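First the structure, in the form of structure tokens, and then the observations on it.
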Amino acid sequence: MTLIDLIRRRRSVKHYDPNHRLTDEQLRALVTAGALAPTSFNMQNRHFVCVVDPPIKAELSAAAWGQDQVRDASVVIVLTGNRNAYKNTDRYLRNAPPDRQAVFEKMITDCYADNDPFARDEDARSVGLAAMNIMLMATDMGLHCGPLIGFDAPQVSDVVGLTEGYDPLMLVVVGKGTRPAWDRMGLLDLDELVSIDRFGHHTMTGPVQG
């Protein structure tokens, strides 16, 4: 399967077999794909809480407005941002040459210290990139998946025991789907989606081949 075929095949599935379980190797492959997604300055400013225990998934479902997919999927991956990652440069620059460490430490501090909104924005970017990697890996493994933002963040934090500085930004469910994804509700044409050189210069036309 080519990459574009894999991208087209990935769809958000809403209904899952509650009896399906992932192997340890499958779960490891999913989080490895997420871990390999890029982050600014290599900060790796995210943490994945993989929930496989049915009672905890039921609690998460309640925190996600009762969505069945959270209860029934084989795993619910709570993707969290780490707003304090910029403070711990030794963790993620440990293999860099000393001169590069010094340069990066100053740049990281200048960008994120005393700038909590920007740090949270960075977390969201990092989590989004990781989530897409996880979902593409799930699709390549013949599994089904879907991202969710419909949840009560403080309640999710309580359920999985997040500590200060870790924010739940997205849930990704993975498992064995029992119903196909909904038909696409409409993709924008390229001239609605893409500008060349300047905003509004729509010279690329045609439909997106979904």
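Laboratory data are not the source of any read-out in this text; all were calculated from the coordinates shown. The structure displayed is predicted, hence computed values, not measured ones. We place every Cβ from the backbone using ideal geometry, glycine too, and count neighbours over all the protein chains shown.
Using the number of other C-beta atoms within 10 angstrom as an exposure proxy, rank Met132, Met43, Met185 with the fewest first.
Starting with the residue having the fewest Cβ neighbours, the order is Met185, Met132, Met43.
Between Ala113 and Leu129, 0.36 nm times their residue separation minus their Cα-Cα distance comes to what?
Once the chain is fully extended between Ala113 and Leu129, it gains 3.5 nm.
Using the number of other C-beta atoms within 10 angstrom as an exposure proxy, rank Cys145, Cys111 with the fewest first.
Least to most surrounded, the residues fall as Cys111, Cys145.
Treating the range 93-210 as a set of equal point scatterers at the Cα positions, no solvent, please give the Debye-formula log₁₀ I(q)/I(0) at q = 0.18, 0.21, 0.23 Å⁻¹.
With no solvent term, the Cα-only Debye profile gives -1.14, -1.18, -1.24.
Report the Cα-based extents of the range 148-200 along its three principal axes, largest first, to the nearest Å.
Its Cα atoms span 45, 36, 15 Å along the three principal axes.
What is the spin-label model distance, in nm, from Asn95 to Ala153 if the labels are put 7 Å beyond Cα along the C-beta direction?
So the label points at Asn95 and Ala153 sit 3.2 nm apart.
How high is the relative contact order of the chain, in percent, counting Cα pairs under 8 Å that sit 6 or more residues apart?
Relative contact order, the chain: 31 percent.
What lysines sit close enough to Lys106 to cross-link, taking a C-alpha to C-alpha distance under 23 Å and skipping anything fewer than 8 places away on the same chain?
Lys87
Once each part is reduced to its C-alpha centroid, what is the distance from the range 107-175 to the range 1-67 in angstrom?
Result: 11 Å between the Cα centres.
Using a Gaussian network model on the chain with a 10 Å cutoff between Cα atoms, which of Tyr166, Tyr16, Tyr112 fluctuates the most?
Looking only at Tyr166, Tyr16, Tyr112, the biggest GNM fluctuation is shown by Tyr112.
Order by neighbour count: Asp5, Asp183, fewest other Cβ atoms within 10 Å first, most last.
Asp183, Asp5
Within the range 1-28, whose backbone N sits under 13 Å from a point 7 Å along Cα→Cβ of Glu192?
Counting backbone N atoms under 13 Å from the label point, the list is empty.
Viscosity 1.002 mPa s, temperature 20 °C: what is the translational diffusion coefficient of the range 1-77 from Stokes-Einstein with a Kirkwood Rh over Cα pairs, rounded to a whole number of µm²/s?
149 µm²/s
Per the Debye formula with a single identical scatterer at each Cα and no solvent contribution, what log10 I(q)/I(0) holds for the range 18-157 at q = 0.13, 0.21 Å⁻¹?
Values, matching the q order: -0.64, -1.24.
Which residue, Phe104, Phe151, Phe199, tops the fluctuation ranking in a GNM of the chain built on C-alpha contacts under 10 Å?
Phe199
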